[in-house]
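The values are calculated or read from the model by the stated rules, or taken from the named source; none is laboratory data. Remember, predicted model here, so these are calculated numbers, not experimental data. Quick reminder, even Gly has a Cβ in these numbers, built from the backbone with ideal geometry, and neighbours come from all protein chains shown. What goes into the accessible areas is simple: the full protein's heavy atoms, side chains included, and nothing from ligands, DNA or RNA. Shrake-Rupley method; radii C 1.70, N 1.55, O 1.52, S 1.80 Å.
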Amino acid sequence: SKSSPPIVIPDDFEGYPLESFRITPNLSKYLQSVLIPGGFIQDRVERLACDIAADLGNEPFTALCVLKGGYLFFNNLLEKIRQLHRYRLLDNPELQDEAQQIKVEFIRLKSYENTSSTNQIQVIGIESLETLRGRNVLIVEDIIDTGRTMVKLLDLLEQYEPRTIRVTSLLVKRTPLSNGYMPKYTGFSIPNKFIVGCNMDYNEYFRDLNHLCVMNEYGKQKYSS
Ligand code: 5GP
């Protein structure tokens, strides 16, 4: 089955001016530019939902949310997948008996300190992986940088013998440190910059920001841990 390729944000794209959007001054003073406006993200998530729903067909599955960053994307994506399922069931009442049940599970992974990925990855909520045995699993992640977190999660998950594993990430960063891991369903391929917003943080700040933005040096210093 075919899934849509990621939208590539080129390396030389400087982003949109902050003044073109409504960003509160308490946040904008720490930012450089808007890399991907929130509305654009919604449009892309809609397409990802269609790609995933088409592949899953009527198979039951569990969506595994990787916290904390992944929760907003998870919520938006699942809302759209559920809507597609609702339409399909309403249009095809004969499917009712095998109606697809979407279950959800949450896991929390932590690998970041300031703006760099560390080797140590903490897993919180490991007991939720036991429920994935024999299930079709869709892992939902916010961003893949070096790919280490995802490879580690996949290794871990395989010990619980799920039926199938699919991975979606809203963003994949183009970095020389990449281990080459590329999810099947990727929203955007972005330059090697540290980004915040849309529930993605910098030491727990900037989650409220409704666009994906690049921080300025002042912001990195101000909120470094
Ligand atoms: P990886 O193990 O692939 O290097 O890192 C993946 C994790 O690092 C992501 O789940 C995310 O939490 C965090 N991360 C990587 N790049 C960024 C970034 O540009 N901004 C933010 N806020 N988090 C990032």
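Across all directions of projection, what mean area in square nanometres is found for the Cα convex hull of region 153-225? Numbers along the way, then the final one.
Details: hull surface 26.5 nm².
Averaging across all directions leaves 6.6 nm² for the Cα convex hull.
What's the carbon and sulfur percent of the chain's accessible surface, probe 1.4 angstrom, rounded to a whole number? If you can, show how the numbers build up before the last one.
Values: 5660 of 11470 Å².
Summing carbon and sulfur atoms, their accessible area is 49 percent of the total for the chain.
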Practice item. Pop out the Kirkwood hydrodynamic radius of the chain from its pairwise C-alpha distances, inverse of mean 1/r, in Å to one decimal. Key: 18.4 Å
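How big is the C-alpha Rg of region 1-55 next to the rule-of-thumb value 2.2 N^0.38 Å, as a ratio? Can you show the working numbers first?
On the way: Rg = 14.9 Å, N = 55, 2.2 N^0.38 = 10.1 Å.
Output field value: 1.48.
If you stretched the chain out fully between F194 and S224, how much longer would it get, using 0.36 nm times the residue separation minus the C-alpha to C-alpha distance?
Values: separation 30, 0.36 × 30 = 10.80 nm, distance 1.28 nm.
Result for the pair: 9.5 nm of gain on full extension.
To check you understand DSSP bridge types, tell me what percent of the beta bridges within the chain (both residues inside) are antiparallel, rounded to 5. Write down the numbers at each step before the final one.
Numbers: 14 of 40 bridges.
The antiparallel fraction comes to roughly 35 percent.
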Exercise for review: Write down the accessible area per residue of the chain in Å², having rolled a 1.4 Å probe over the full set of protein chains.
Suggested key: 51 Å²
Practice item. Provide the FRET efficiency to the nearest 0.05 for the E127-N75 pair, computing r from the beta carbons and using R0 = 35 Å. Key: 0.95
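Run the helix sum for the chain: -39,500 (n - 2.57) per DSSP H stretch of 4+ residues, divided by residue count, reported at 222 nm to the nearest 500 deg cm²/dmol.
Working: 5 runs with 61 residues, N = 225.
Helix-only estimate at 222 nm: -8500 deg cm²/dmol.
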Check your understanding: Among the aspartates and glutamates, which fall within straight-line cross-link reach of K110, defined as a Cα-Cα distance under 15 Å, with same-chain neighbours fewer than 8 residues apart omitted?
Key -> E141, D142, D145, D201, E204
Review point. Rounded to the nearest 0.05, what FRET efficiency do E46 and L154 have when you use their Cβ-Cβ distance and R0 = 22 Å?
Key: 0.25
Check your understanding: Cross-link list K2/K193; K173/K220; K2/K80; K29/K80; K68/K103; K68/K152: which exceed 24 angstrom alpha carbon to alpha carbon?
Key -> K2/K193; K29/K80
Study note, to complete from the structure: Mean 1/r over distinct Cα pairs of region 31-82, inverted to a Kirkwood Rh in Å, yields 12.3 Å
**Study point:** Cα gyration tensor, region 1-97 - rounded (a/c under 1.5), prolate or oblate
**Key:** prolate
